[in-house]
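Asks: Below is the structure I would like to discuss, written out as structure tokens.
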Amino acid sequence: MRLKTDPILMTFIELRQAVGWLGILLPFVLAISLFILASCPIQNSISQYYYTQVGSYLTGTLCAVGLFLFEYKGYPGESDSKLCNFAAICAFGVAFIPMQLNIENVPCPECIVFFTKGNYWWRAFHFISAALLFLTMAYMSYFKFTLSYKEKINRGEKKYYRNMVYRICGATIFLCIIALLGYNIIKHFKPGFTINTLTFYLEAVMLIAFGTAWLVKGNGVKYLNDK
């Protein structure tokens, strides 16, 4: 099989799998590591871990994902490279522009090792970057991963099942974004309405969906690979 003998295509496969595993493992590593290190409960969001003892892991993982996305070129003549470059910029935006932390709403203030005061307007770019990152990944999963290269390559007998996974992952990310948007709109008009850790779990689901799509794309799930 060509995919096993072509070193260039193998590089693409490894990049896809690396992005996939980083996305899938991120929420688990953050939650478990912080619990082991400081007996801290799950934080209200993935971004809130930036201010904890595992903040460097969060930033490092986002940077690694960004670098992998920059390196991923996709097929010649396709828009995959531009989309991945845009997603990479968004990943760096999420990593280097921290969310605005309200220490009063933290489930366990003792778990926060530092925080900065002030409602800086530029921190809105953190959420804009995160939204654009997930929207780009949802689009790629639903519309790009389901295609065959110029529709000239044999799709393979399991391409149908892989496409089902891609579409489920893309739709899942999009629905989670809608749920987060609705939740924040309700919070805006009803400040007392808060569901702790809801944002964390929705973001975790999006990361798992994002990672699963890339893992399948990288032949990381043997059941879905063509022989």
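Asks: Can you give me the distance in nm between label points at LEU25 and PHE193, each placed 7 Å from the Cα along the Cα-to-Cβ direction?
Replies: Between LEU25 and PHE193, the label points sit 3.9 nm apart.
Asks: Then there is this: Along each of the three principal axes of the Cα atoms of the chain, give the extent in whole Å, ordering the values from largest to smallest.
Replies: Answer, in whole Å and largest first: 57, 36, 30 Å.
Asks: Still on this model: Is it possible to state the helix-based mean residue ellipticity at 222 nm for the chain, with each DSSP H run of 4+ residues giving -39500 (n - 2.57), the sum divided by total residues, to the nearest 500 deg cm²/dmol? What is it?
Replies: -20500 deg cm²/dmol
Asks: Roughly what angle does helix 80-96 make with the longest principal axis of the chain, taking Cα atoms, 0 to 90 degrees, to the nearest 10?
Replies: With rounding to tens, the tilt is 20 degrees.
Asks: May I pose another question? Could you work out the relative contact order of the chain? I mean the mean sequence separation of Cα pairs under 8 Å and 6+ apart, divided by the number of residues, in percent. Don't skip to the end; give the middle numbers.
Replies: Details: 286 pairs, mean separation 68.3, N = 227.
So the answer I get is 30 percent.
Asks: With r defined as the distance between the Cβ atoms of PHE96 and THR11 and R0 fixed at 25 Å, what FRET efficiency is calculated, to the nearest 0.05?
Replies: 0.40
Asks: What whole number of Å gives the distance from the Cα centroid of region 15-37 to the Cα centroid of region 199-222?
Replies: Between the Cα centres of region 199-222 and region 15-37 lies a distance of 11 Å.
Asks: Please determine, in degrees from 0 to 90 and to the nearest 10, the orientation of helix 198-217 with respect to the longest principal axis defined by the Cα atoms of the chain, where the helix direction is its Cα long axis.
Replies: In the chain, helix 198-217 runs at an angle near 20 degrees to the longest axis.
Asks: Taking 7 Å along the Cα-to-C-beta vector as the label spot, tell me the VAL113-GLU71 distance in nanometres, rounded to one decimal.
Replies: Simple spin-label model gives 2.7 nm for this pair.
Asks: Can you compute the FRET efficiency between LYS222 and ILE168 using 1/(1 + (r/R0)^6), with r the Cβ-Cβ distance and R0 = 22 Å? Round to the nearest 0.05.
Replies: Computed FRET efficiency for LYS222 and ILE168: 0.70.
Asks: Among the listed pairs LYS187/LYS217; LYS144/LYS187; LYS144/LYS222; LYS144/LYS190; LYS82/LYS190, which have their C-alpha atoms separated by more than 28 angstrom in this model?
Replies: The answer is LYS187/LYS217; LYS144/LYS187; LYS144/LYS190; LYS82/LYS190.
Asks: Relative to the longest principal axis of the chain, what angle (0 to 90°, nearest 10) does the C-alpha long axis of helix 55-71 take?
Replies: Long axis of 55-71 versus the principal axis of the chain: about 30 degrees.
Asks: Residue separation times 0.36 nm, minus the C-alpha to C-alpha distance between SER39 and SER56: what's the value?
Replies: Values: separation 17, 0.36 × 17 = 6.12 nm, distance 1.80 nm.
Taking SER39 through SER56 to full extension adds about 4.3 nm, to one decimal.
Only the coordinates and a few stated rules stand behind these numbers; no lab work does. Note that this is a predicted model, so its numbers are computed, not measured. Quick reminder, even Gly has a Cβ in these numbers, built from the backbone with ideal geometry, and neighbours come from all protein chains shown.
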